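Everything on this sheet refers to the single structure shown next.
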Amino acid sequence: MADSVNWCNPYQSREGEWLRGNLHTHTSPASACGQVPLDRMLDLYIRAGYDFLAISDHMVCTPVVDAPLLCIPGVEWNSEQGEHAGLYGDGLLVQPDGWLDRAQSAVLATVTESGGFAVLNHPNWTYRPHYHREELLNAGPYNGVEIFNGVIKRLEGYEIATDKWDYLLAHGRRVLGVASDDAHIEDDVAQGWLMVRVVERTPQAVFAALKQGNFYASSGVTMFDIRREGDRLEVETDDAQEIQVIGEGGRLLQTVRDHSVQFDLATAECVYVRVTAFGQGSAMAWTQPFFMR
């Protein structure tokens, strides 16, 4: 599990800069469903202003050499039952040789117990369907769940899965919320991303910040400060038009039509609080949850 996360305040460290990145990316021919060669995919993300990237081809860890982006080794593991998980960490750690016939719980345990970062992917994709919330609740150890998956905009289902995230958080599963492109074609690039706060521009610093939960997820809204001081929670954005404070189980606690919000956690009377910001059109951003204890 993400035992290095300060669940009362994932953003306790406010030093450094925000870097933009994506963990869920496919290339051709490594992924049969990928339609973009590796070099072209890297170029697309560079042109879109990204700082880090994980190539997560299906069942293979695609090597990336001398890339101008910070690269996080990754792979998308999938079972014959249709389960999909993004596994990230050392290149040797996430090599999936012989994993096709392993249970998902065993794969997740291997990755997380070895210091890796595991994310359950696109829970509101209707293939299978994928995942039921009870499956997420009872899955093996994992660090995060995709609360936004861009490719599902053009597939069957719904790209946003904060409903299942709130279900997990309310039932005791402390998992982080991740936004990803799941890019397969060029038009999939820059749909959803992570903004990770780091003190140095290295893959190691990005990975450490992911494990600590010092990041927010976005599909278009920019948060430039997230802070908790005692019971006072404040979030400031560049471009939000409305901000909602969400409590346990998805309950709406406060709404402001503004680019920033202040909230007194002492009034929440719930297990956790998180913040969602809404921008122009369908643009959104999500903080990680702040637990009361």
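The values are calculated or read from the model by the stated rules, or taken from the named source; none is laboratory data. Small disclaimer: the values here were computed from a predicted structure and weren't measured. Counting neighbours? That spans all protein chains shown, and the Cβs are built from the backbone with ideal geometry, glycine included.
Listed values, structure above:
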read-out	value
Leading residue by the ranking (surrounded by the fewest Cβ atoms within 10 Å (Cβ to Cβ)) among those in the stretch 205-240 that are in contact with a helix residue (DSSP H, G or I) (Cβ under 8 Å, 6 or more places away or on another chain) and over 18 Å from residue 13 (Cβ atoms)	231
Residue list for the stretch 12-37, filter: more than 29 Å from residue 213 (Cβ to Cβ), surrounded by fewer than 19 Cβ atoms within 10 Å (Cβ to Cβ) and either outside the structural domain of residue 196 (by TED's automatic domain parsing) or in contact (Cβ under 8 Å) with a residue 60 or more places away in the chain (or both)	33, 35
Check on residue 253, assigned to a strand (DSSP E or B), aliphatic (A, V, I, L, M) and more than 22 Å from the chain's Cα centre (by Cα)	yes
Residue count, the stretch 137-196 (criterion: hydroxyl-bearing (Ser, Thr, Tyr) and in contact with a Ser or Thr (Cβ under 6 Å, 6 or more places away or on another chain))	0
Selection within the stretch 120-159 - among the aliphatic types (A, V, I, L, M), buried (at least 20 other Cβ atoms within 10 Å of the Cβ) and not in a loop (DSSP other than H, G, I, E, B)	120, 136, 145, 147, 151, 152
Unique match (being of a type in the set (A, V, I, L, M, F, W, C) and over 19 Å from residue 16 (Cα atoms)) among 160, 226	160
Given (1) in contact with a strand residue (DSSP E or B) (Cβ under 7 Å, 6 or more places away or on another chain); (2) touching a residue at least 40 places away in the same chain (Cβ under 8 Å); (3) within 22 Å of residue 145 (Cα to Cα), index of the condition residue 4 fails	(1)
Condition check for residue 243: surrounded by 14 or more Cβ atoms within 10 Å (Cβ to Cβ), touching a residue at least 40 places away in the same chain (Cβ under 8 Å) and in a strand (DSSP E or B)	no
Within the stretch 38-58, tally of residues that are of a type in the set (A, V, I, L, M), surrounded by 16 or more Cβ atoms within 10 Å (Cβ to Cβ) and in a loop (DSSP other than H, G, I, E, B)	2
